Amino acid sequence: MAAAEPAVPALPGGGGAGAGAPSGTVPVLFCFSVFARPATVPHGAGYELLIQKFLSLYGDQIDMHRKFVVQLFAEEWGQYVDLPKGFAVSERCKVRLVPLQIQLTTLGNLTPSSTVFFCCDMQERFRPAIKYFGDIISVGQRLLQGARILGIPVIVTEQYPKGLGSTVQEIDLTGVKLVLPKTKFSMVLPEVEAALAEIPGVRSVVLFGVETHVCIQQTALELVGRGIEVHIVADATSSRSMMDRMFALERLARTGIIVTTSEAVLLQLVADKDHPKFKEIQNLIKASAPESGLLSKV
C-alpha cells in the first residue's frame with residue numbers, strides 16, 4: 001500500500017510558518033519527477049517565486065523548452081490540484097512541477113513557412129570514410145537548391161572544421177541562414193536555438209548529413225525534446241558503418257521521427273502542381289536520386 005500523503009492544508013489559510021523556518025518565511029516541499037526537496041519561501045510568495053525556487057532546486061534537470069503546470073497537494077481531495085488562481089503561500093504546503101506531455105506521433109505535414117533545413121557536417125575530411133558520400137552530397141545539394149527556390153531557411157554546421165575541414169565544395173551554401181562550427185555532436189547549439197527563435201512559426205526540421213548514428217541522431221532527439229517535428233532524409237544521410245546507420249534510423253523511426261526521402265520532402269513542400277514554384281522543383285527531381293547501396297540498408 002502506498003504511504004499516505006502528509007497532512008497539508010488544501011488552500012492557504014494563514015497558519016504559522018512552521019518550526020525551524022526563519023522569521024517571515026514558510027516551509028514548502030518542492031517535488032519534481034521522483035525528487036522532493038524541502039525549502040523555504042517568503043510569506044505571501046506566489047506563482048513566479050515558486051517557479052524561481054523550482055529552477056534553483058532543479059534547474060539542471062528542467063527542460064525550459066517544455067511547458068509546465070504547478071500543482072498544490074490538497075488534503076481535501078487527497079491528491080494534487082492545479083495551483084489556485086492568485087495563490088500565495090501562507091502556511092506549510094507541498095507543491096510539484098509537472099511537465100506537459102509532448103505528442104511524438106505526428107502526421108508529418110511539411111509547409112515552407114514552418115520548415116527549416118539542417119545540413120549537418122558535410123565536410124571534406126569525411127569524404128573517404130563515409131559510405132556513399134558522393135551520393136549524399138548530390139542529394140544534399142538538391143535539397144539546398146530546393147530550399148533556395150522555396151525560401152526555406154537553412155542552418156549548416158561543421159564539426160571541428162579546424163581539423164576536419166569545411167563543407168565540401170559541391171555543396172553550395174549561397175543564401176544559408178547560418179554556418180556554424182561546433183564540437184558538440186548535436187546541432188542544437190545556443191546559436192542555433194537563437195536562430196530558430198528568430199523564425200516565426202517553426203514546426204518542422206528537415207535534417208540530413210553525417211553521421212546518422214551520432215550527430216544526426218543526437219540532433220533529432222534534442223529537437224523532438226523541444227517539441228519540433230523532425231524529418232530525416234534517408235538518401236542524404238550516412239555513416240562510416242552501414243550497421244550503425246541502419247540501427248540509428250530504426251531507433252529514430254520508433255521514436256516518432258519521420259524517415260523520408262529527398263523527393264518526398266520537396267514534393268510535399270510544394271503540395272500542388274499549381275504551386276508557383278512547382279516547375280522549378282520538378283526540374284530538380286527529373287533525375288532520380290542515386291540508387292546507391294543506401295537503398296537496401298535502410
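The values are calculated or read from the model by the stated rules, or taken from the named source; none is laboratory data. Owing to the predicted nature of the structure, the values given are computational and were not obtained by experimental measurement. Here the Cβ positions follow ideal geometry from the backbone for every residue, glycine too, while neighbour counts run over all protein chains shown. Areas reflect the complete protein model, heavy atoms only, side chains present, ligands, DNA and RNA absent. Shrake-Rupley method; radii C 1.70, N 1.55, O 1.52, S 1.80 Å.
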Quick one: is Y58 of a type in the set (F, W, Y) and closer than 30 Å to V214 by Cα? yes
Which residue pairs have Cβ atoms closer than 7 Å, lie 6 or more positions apart in sequence or on different chains, and pair a first residue in region 172-187 that is open to solvent by less than 60 Å² (accessible area, probe 1.4 Å) with a second residue that is among the polar types (S, T, N, Q) and in a strand (DSSP E or B)? L173/T167; L180/T157; K182/T157; K182/Q159; M187/T157
Of all residues in region 146-184, which are out of contact with any Phe, Trp or Tyr (no Cβ under 9 Å at 6 or more places or on another chain), aliphatic (A, V, I, L, M) and farther than 21 Å from C215 by Cα? I149, L150
Among strands (runs of 3 or more DSSP E) lying entirely in region 7-88, which contain 3 or more residues that are at pLDDT 90 or above and among the basic types (K, R)? none
Only one residue in I285, I258 is in contact with a His (Cβ under 9 Å, 6 or more places away or on another chain) and either under 18 Å from F117 (Cα atoms) or not charged (D, E, K, R) (or both). Which one? I258
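Does L55 satisfy being among the aliphatic types (A, V, I, L, M) and open to solvent by 20 Å² or more (accessible area, probe 1.4 Å)?
Judged against the criteria, L55 is a match.
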